[in-house]
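A.B. asks: Would you mind keeping the following structure in view while I ask a few things?
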Amino acid sequence: MGRPKDYFVTTKLMSYSLYISLKGPDRIGLVAAVSACLFDLGGNLRDTAFAVLGTGFEFSCVVEVPDDMDPAAVRSALAALEPLGGAELTVNEFRDTADQGDASPVTHWIEVVGSDQPGLIARVSEVFGEYGANLVRMSSGRERAGRQAAEGPRYVTRFEVSIPPERAGACLAAVDNTAGQLALTCNWGSVRR
């Protein structure tokens, strides 16, 4: 005897997206607590970013949640997490969910290293614009590493960019030239897809 014809019914649950932003004092276990909470609520993380900034942190994400999930319930569940005590928390509906597809894939990573230079990020970002490159991710900060530790902190800026293939060589040369003008070193590489 087989199962009834409609026994295996595939139901696609409807969902929508929320944008969540958290800022506060850095604590161990923040990302684990937030991601577990969202998972327990039926959420699926999409785009995420986390950074320690000084002694604080900033975490933002877009999460898909079931249609019947109220943003206020998500906010309440996150606010109750012990590692988030004292953090600023916002939860809003996120309507810009169009998939970029291949419009902005990361094609190259670039790292500019040396002493801190006022205007560094502005100058390099202008180069990207001149060559039609889209800045997808960026991080920067002071680091003490290796032999530079004895010389003091070095400033490291990392870029992940999408450069049109026909302009990649010229764009990378221009970034390297800009870094050189600022007495900085530039390293880069292609990202395989």
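A.B. asks: So in the range 123-138, with the set limited to residues that are touching a residue at least 24 places away in the same chain (Cβ under 8 Å) and part of a helix (DSSP H, G or I), which one is farthest from the chain's Cα centre (by Cα)? Steps first, please.
C.D. replies: Step one: list which residues in the range 123-138 are touching a residue at least 24 places away in the same chain (Cβ under 8 Å), which gives 123-124, 127-128, 130-137.
Now drop any that are not part of a helix (DSSP H, G or I), which leaves 123-124, 127-128, 130.
Numbers: ARG123: 22, VAL124: 19, VAL127: 21, PHE128: 19, GLU130: 23 Å.
Taking the candidates together, the pick is GLU130.
A.B. asks: Just to be sure, is GLY86 over 17 Å from the mean Cα position of the chain (by Cα) and assigned to a loop (DSSP other than H, G, I, E, B)? Before the answer, list the steps.
C.D. replies: Working: over 17 Å from the mean Cα position of the chain (by Cα): yes; assigned to a loop (DSSP other than H, G, I, E, B): yes.
Judged against the criteria, GLY86 is a match.
A.B. asks: Find the residue count for the range 87-122, including only residues that are charged (D, E, K, R), over 16 Å from ALA168 (Cβ atoms) and modelled with pLDDT under 90.
C.D. replies: The number of residues fulfilling the criteria is 4.
A.B. asks: Have a look at ALA32, ALA73, ALA36 and point out the one that is part of a helix (DSSP H, G or I), among the hydrophobic types (A, V, I, L, M, F, W, C) and either farther than 29 Å from SER140 by Cα or open to solvent by 70 Å² or more (accessible area, probe 1.4 Å) (or both). Give the derivation first.
C.D. replies: Values: ALA32 fails: either farther than 29 Å from SER140 by Cα or open to solvent by 70 Å² or more (accessible area, probe 1.4 Å) (or both); ALA36 fails: either farther than 29 Å from SER140 by Cα or open to solvent by 70 Å² or more (accessible area, probe 1.4 Å) (or both).
Testing whether each residue is part of a helix (DSSP H, G or I), among the hydrophobic types (A, V, I, L, M, F, W, C) and either farther than 29 Å from SER140 by Cα or open to solvent by 70 Å² or more (accessible area, probe 1.4 Å) (or both) leaves just ALA73.
A.B. asks: Let me ask something else. For the range 49-61, name all the residues that are out of contact with any helix residue (DSSP H, G or I) (no Cβ under 9 Å at 6 or more places or on another chain) and either buried (at least 18 other Cβ atoms within 10 Å of the Cβ) or assigned to a loop (DSSP other than H, G, I, E, B) (or both). Walk me through it before giving the result.
C.D. replies: In the first step, residues of the range 49-61 are kept if they are out of contact with any helix residue (DSSP H, G or I) (no Cβ under 9 Å at 6 or more places or on another chain); the result is 49, 51-56, 58, 60.
Once the filter is applied, which keeps residues that are out of contact with any helix residue (DSSP H, G or I) (no Cβ under 9 Å at 6 or more places or on another chain) and either buried (at least 18 other Cβ atoms within 10 Å of the Cβ) or assigned to a loop (DSSP other than H, G, I, E, B) (or both), the range 49-61 yields GLY54, THR55.
A.B. asks: Need the failing condition index for VAL74 against (1) over 18 Å from the mean Cα position of the chain (by Cα); (2) modelled with pLDDT under 95, just the number.
C.D. replies: With (1) over 18 Å from the mean Cα position of the chain (by Cα); (2) modelled with pLDDT under 95 applied to VAL74, the lone miss is (2).
The values are calculated or read from the model by the stated rules, or taken from the named source; none is laboratory data. Computed from a predicted model, the values in this text were never measured in an experiment. Counting neighbours? That spans all protein chains shown, and the Cβs are built from the backbone with ideal geometry, glycine included. Ligands, DNA and RNA are stripped out before the accessible areas are found, and what is left, the full protein with its side chains, is counted by its heavy atoms. Shrake-Rupley method; radii C 1.70, N 1.55, O 1.52, S 1.80 Å.
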